[in-house]
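Accompanying notes for the structure given below.
The values are calculated or read from the model by the stated rules, or taken from the named source; none is laboratory data. No experiment lies behind these values; they were computed from the predicted model shown. Ideal geometry is used to build each Cβ from the backbone, glycine not excepted, and the neighbour counts take in all protein chains shown. Note: areas computed on protein heavy atoms with side chains; ligands, DNA, RNA excluded. Shrake-Rupley method; radii C 1.70, N 1.55, O 1.52, S 1.80 Å.
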Amino acid sequence: MKNFYFFTGGYTEPAKMGSGEVVPGRCRGITCYAFDGETGRLTRLSVTPSVSNPSYILVHPDAPFLYCVNELKEYGGIPGSTVSAYEIVSKTGELALRSRQFTCGADACHLAFSPDKRYLMAANYSGGSLSVFPILGDYRLGHASCVLRHSGEGVNRERQEGPHPHQMLLSPDGKYVYVPDLGLDCLAGYRGDWEKGWLLPDEQLTILGIKGQGIRHGVFDRKGRHLYVMTEMACQVNVYEYEMESGCARLVQTISAMPKTCRPPSLGAAIRLHPKGKWLYASVRGSNHLAVFRIEEDGRLEQIQIQDSLGEIPRDFILSPDGEYLLAGNQDTDTICVFGINQENGKLSPLYAEKEACCVTVLAAWRNQ
């Protein structure tokens with residue numbers, strides 16, 4: 001864990017989410033923390049004031065550049081969100097804005113790279129759309145090379161009145177892109193043309209959820225044989241058998257991420273796979289906990305632990321690159337709670353809480369070379 005830092009972002013402005021949640025909006029910008037791999041403690045190094053609501057961030061793996069969405073309904077009087085490119089200009093994680101582009105949709109909420117890192121993909125939650133941007137030679141962003149919009153609705157008239165793309169998920173071989181859509185209860189399938197920066201819709205690739213679940217985020221296992229999908233409205237995890245060659249998937253299990261005895265109004269949030277590939281983790285807002293699952297030989301899940309997140313609204317969490325720690329951002333109580341991960345059984349133990357981490361909605365790792 002030497003030289004691994006973490007960036008965080010969040011909401012700088014109060015907002016009411018599509019889920020009905022009221023976000024306090026106390027984030028100061030994009031914060032960089034040094035992480036002590038021996039103790040699990042965080043040290044705040046710098047805060048870069050940002051354009052409003054840097055609610056999701058992504059660090060380039062090969063260059064000192066960071067990209068963030070600005071989750072907005074309009075910017076400069078023009079409807080829609082923006083995506084910003086920052087250069088990391090110091091070893092303390094200070095950032096310098098290098099470019100900004102419109103995402104061509106409102107409330108951008110997620111980013112992902114193309115397999116060759118030549119393009120950046122964005123999902124626009126309220127805009128019902130997705131967009132692709134070329135990453136230029138100096139790592140700035142060019143104008144969108146592709147913009148596509150979903151259409152349709154789900155069974156829940158309040159939450160699924162229209163499409164709500166929530167993530168850009170690349171297949172393990174990089175051939176396909178899946179877009180989990182909370183409004184449509186599916187992962188819309190696309191073929192990637194990475195020469196042109198296009199996504200080509202392919203209905204045969206679309207992966208269906210169960211009506212009313214509210215599909216949110218997914219993650220593939222290490223071998224690319226299974227896909228695990230977190231649902232927001234049902235607080236369930238769907239397990240799919242995945243065929244790498246065809247890009248198609250079959251639902252084989254649905255398992256709850258909730259405690260067996262306590263079921264307060266809750267919303268599923270993030271999902272992550274442990275680097276060893278043995279355990280899966282999910283966060284749930286409202287009940288404010290982390291669910292731990294053991295991955296069986298056949299890819300199915302067994303719930304083995306419910307761990308309190310030690311704060312309110314764990315919208316996002318991240319595993320340290322060595323798999324020794326889990327860091328959970330509690331949005332409404334302004335803390336990052338660090339948990340040790342038992343390397344024998346994958347269970348969590350509380351270690352440390354970083355306070356005054358205001359309104360954290362995303363965490364991203366950065367290797368400070």
Original post:
Can you pull out the residues in the range 239-265 that are in a strand (DSSP E or B) and either within 17 Å of the chain's Cα centre (by Cα) or among the hydroxyl-bearing types (Ser, Thr, Tyr) (or both)?
Top reply: Tyr240, Tyr242, Thr254, Ser256
Original post:
Right, Gly152: more than 18 Å from the chain's Cα centre (by Cα) and either exposed (fewer than 15 other Cβ atoms within 10 Å of the Cβ) or in contact (Cβ under 8 Å) with a residue 60 or more places away in the chain (or both) or not?
Top reply: yes
**OP:** Taking only the range 17-33 into account, find how many residues are open to solvent by less than 20 Å² (accessible area, probe 1.4 Å) and in a strand (DSSP E or B).
**Re:** 5
Subject >> the range 326-337, subset surrounded by 24 or more Cβ atoms within 10 Å (Cβ to Cβ) and in contact (Cβ under 8 Å) with a residue 60 or more places away in the chain, residue farthest from the chain's Cα centre (by Cα) >> reply: Ile336
Subject >> Every residue from the range 338-361 that is surrounded by 15 or more Cβ atoms within 10 Å (Cβ to Cβ) and either touching a helix residue (DSSP H, G or I) at 6+ places or on another chain (Cβ under 6 Å) or under 19 Å from Ser46 (Cα atoms) (or both) >> reply: Ala353, Glu354, Ala357, Cys358, Cys359, Val360, Thr361
Original post:
Are there any pairs, at least 6 apart or on different chains, whose C-beta atoms fall under 9 Å, with the first in the range 199-216 and under 18 Å from Gly183 (Cα atoms) and in a loop (DSSP other than H, G, I, E, B) and the second modelled with pLDDT under 95 and open to solvent by 10 Å² or more (accessible area, probe 1.4 Å), and if so, which?
Top reply: Gly214/Ser19
Original post:
Would you pick out the residues in the range 1-16 that are in a loop (DSSP other than H, G, I, E, B) and either among the hydrophobic types (A, V, I, L, M, F, W, C) or exposed (fewer than 15 other Cβ atoms within 10 Å of the Cβ) (or both)?
Top reply: Met1, Lys2, Asn3, Glu13, Pro14
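Residue-by-condition table, conditions (1) modelled with pLDDT under 95; (2) of a type in the set (A, V, I, L, M, F, W, C); (3) within 15 Å of the chain's Cα centre (by Cα):
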| position | (1), (2), (3) |
| --- | --- |
| Thr231 | no, no, yes |
| Ala234 | no, yes, no |
| Ala270 | no, yes, yes |
| Trp279 | no, yes, no |
| Ser309 | no, no, no |
| Ile313 | no, yes, yes |
| Leu319 | no, yes, yes |
